[in-house]
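The values are calculated or read from the model by the stated rules, or taken from the named source; none is laboratory data. All of these numbers come straight from a predicted model, not from anything done at the bench. Backbone-built Cβ (ideal geometry, glycine too); neighbour counts: all protein chains shown. Remember, those area values only see protein heavy atoms, side chains included, never the ligands or the DNA or RNA. Shrake-Rupley method; radii C 1.70, N 1.55, O 1.52, S 1.80 Å.
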Amino acid sequence: MHLIQVDSVQRWMEDLKLMTDCECMCILQSKPISIEKDEQNELILSSQYSTCDNLQLLLKRAWIISTELTRIAQKLEKNRWQRVHSMTVRVNCHVRSMINEYNTFTRSSSDEMHQLEKLLIDKCSEFTAFTERCLQTEDEEILKSMKSCVNETLTTVAQYFGQLIELVLTQEAQNLLRQIELSGSLYITESAISSLFSLAQEGAHLCRIIAKEGGVVALFKICRQDCFRCLYPQTLRTLASICCVEEGMHQLEKVDGILCLADILTDNSHSEATHAEAAAVIAQITSPHLMFTQHLSSFLENMEEIVTALVKLCQEASSGEVFLLASAALANITFFDTMACEILLQLNAMKILLAACSDKRIVDTPYSRDQVVTILANMSVLDQCASEIIQGNGVQLLMEMLFEKSSSGNPAEVAACERVQQKSAVTLARLSRDPEVADAAIKLSCIPRLIKLCRSPTERNNSDSVLVACLAALRRLAAMSPGGLEDSDFQQLVKPRLVDSFLLCTNMEESFV
């Protein structure tokens, strides 16, 4: 869940109300106060959270319980019985609070849900009583024998809790999809899609639940109705999130989702935002990191018109974000099928991409340059690509990319800069088989820059992949122009086996003189 990734102080501030409620209950040993006060407390809680997303509150509470159960297991391993008991009481309180909170905002619960709630509450009470008995026992042998029973009870609590959360999330997904499918109201449909998108952001498991319940089918149904045109960008963004899992991809194939995306991309009456979000879905389903794209047979049938539409979107992009989405889709497609590179060459895509890179308003981040250089690297296997690179001043661009550095120090941006450096070196190595490209690279002083990247770990951010690519490019250029290197560089970086040069550079201490 993405909650883990937020700032720790922010997490504490968000959870403070939940945790203090829980601590109060622990002090009171979970005993009810009076009916009147309970009602008053309930009113205060409901008024406080009336504007909040109830489902998000549920997920936060679930995350806390899950974390506490993990910590209980850790303390139990160390025989910290006092801590085990206090944490068990806290989990008991959190579980009851979670169930009460959910029942206050849900309209209907199934018998299965009520049965699971009762099982979980009963097992939590049993768990609390069990750990309290352990706390009162000082005999080490008895505690040792009871430990396995405590472990077993903890496992059962975790199992019931997992089943309950799964059921709750499934029911919520079903409710949202029912609203999308049955409502003719634009407002209700928009609200349901927005909630579904938020749910999908909670991770792959939630996306699997949505896909299994027919989420992809329902969303593509929206994308085929003109009356919902204004909701297309939001709907496509939700589809891109759900299609990160195999279940979503299978559903997309079953409903001819590729054909629908191709129709949207090639329909000039749609807004740029709609085209951009359709490109995002294409980028998602063709991602080289996914292992389940092989069944996308219909993609090959529509590839030429999709690639043509994406190139046009890159050319006409009004912002960096639109260009990034379109170029990311193109980059992934060049991995997906080699025929895509030939189509790109026919469409003068090289010229369009190189021209876009000179516009800092459009190609404004290392992420965009990463997509462009990925396309160039994959296209560089074609012999005809060299002349296009020369005509579009592409060697100069590749040289500039060897200097790519992060301005913020953000880890994701640093990783993107490393990829840009690596792929630009790979592209240079591939293209330098053409004497004209090699000559242009040498004249632009690519050899000294490659040597610097090999010898200076900080220049390449200690990246081994950048080092290997630079060594390969340097060897290719050295073969074309042996006189461009000093003897020490030749003896250390070119003459030995590549693996020996690699080991030499990785063990090299940088000189600060």
Legend entry - Rounded accessible area of L504 (nearest 10 Å², 1.4 Å probe): 70
Inset, instruction - Kindly write out, for the range 465-475 in residue order, the coupling ³J(HN,Hα) from the Karplus curve 6.51 cos²θ - 1.76 cosθ + 1.60 (θ = phi - 60°), rounded to whole Hz, with x marking Gly and Pro. - result: 5, 5, 4, 4, 5, 5, 4, 5, 5, 4, 5
Legend entry - Integer Hz, Karplus 6.51/-1.76/1.60 couplings in order for the range 197-209, x for Gly and Pro: 4, 4, 5, 5, 6, 7, x, 4, 5, 5, 5, 5, 4
Inset, instruction - Could you tell me which of rounded, prolate or oblate describes the range 308-392, using a ≥ b ≥ c as the square roots of the eigenvalues of the alpha-carbon gyration tensor, with rounded for a/c under 1.5 and, failing that, prolate when a/b is larger than b/c and oblate otherwise? - result: prolate
Inset, instruction - When a/c is below 1.5 the answer is rounded, else prolate if a/b is larger than b/c, else oblate, so apply that to the range 410-508 with a ≥ b ≥ c taken from the square roots of the Cα gyration tensor eigenvalues. - result: oblate
Legend entry - Net charge contributed by nearby residues that have their C-beta within less than 13 Å of R476 (K/R +1, D/E -1): +1
Legend entry - Accessible surface of E202 - all protein chains present, 1.4 Å probe, nearest 10 Å²: 10
Legend entry - More than 37 Å apart - percent of Cα-Cα pairs taken over the chain: 48
Inset, instruction - Apply the Karplus parameterisation 6.51 cos²θ - 1.76 cosθ + 1.60, with θ equal to phi minus 60°, to every residue of the range 251-257 and state each ³J(HN,Hα) to the nearest whole Hz, in sequence, with x for glycine and proline. - result: 5, 4, 5, 5, 9, 6, x
Inset, instruction - Taking all protein chains together and a probe of 1.4 Å, list E213, E253 from the most accessible to the least accessible. - result: E213, E253
Legend entry - For A280, net neighbour charge (Lys/Arg +1, Asp/Glu -1) across residues whose Cβ lies under 15 Å away: -2
Legend entry - Net lengthening on full extension, A415/L503 (0.36 nm per residue, minus Cα-Cα): 29.5 nm
Inset, instruction - Before anything else, pin down the relative contact order of the range 251-307: Cα pairs under 8 Å, at least 6 apart, normalised by residue count, whole percent. - result: 49
Inset, instruction - Average the reciprocal distances over every distinct pair of alpha-carbons in the range 48-169, invert the result, and give the Kirkwood radius in Å. - result: 15.1
Inset, instruction - Please give the solvent-accessible surface of E304 in Å², to the nearest 10, using a probe radius of 1.4 Å with every protein chain present. - result: 110
Inset, instruction - For the range 153-216, calculate the relative contact order in percent as a whole number, restricting contacts to Cα pairs under 8 Å that are 6 or more residues apart. - result: 34
Inset, instruction - Could you tell me which of the pairs K221/K351; K360/K443; K351/K495; K423/K495; K123/K144; K423/K443 are separated by over 29 angstrom between their Cα atoms in the structure shown? - result: K221/K351; K351/K495
Inset, instruction - Determine the order of R419, R90 by accessible area, beginning with the largest, at a probe radius of 1.4 Å. - result: R419, R90
Inset, instruction - Output the relative contact order of the chain, whole-number percent, from Cα pairs under 8 angstrom with separation of 6+ residues. - result: 7
Inset, instruction - Keeping every protein chain in place, order R361, R369, R460 by accessible area at 1.4 Å, biggest value first, i.e. largest first. - result: R361, R369, R460
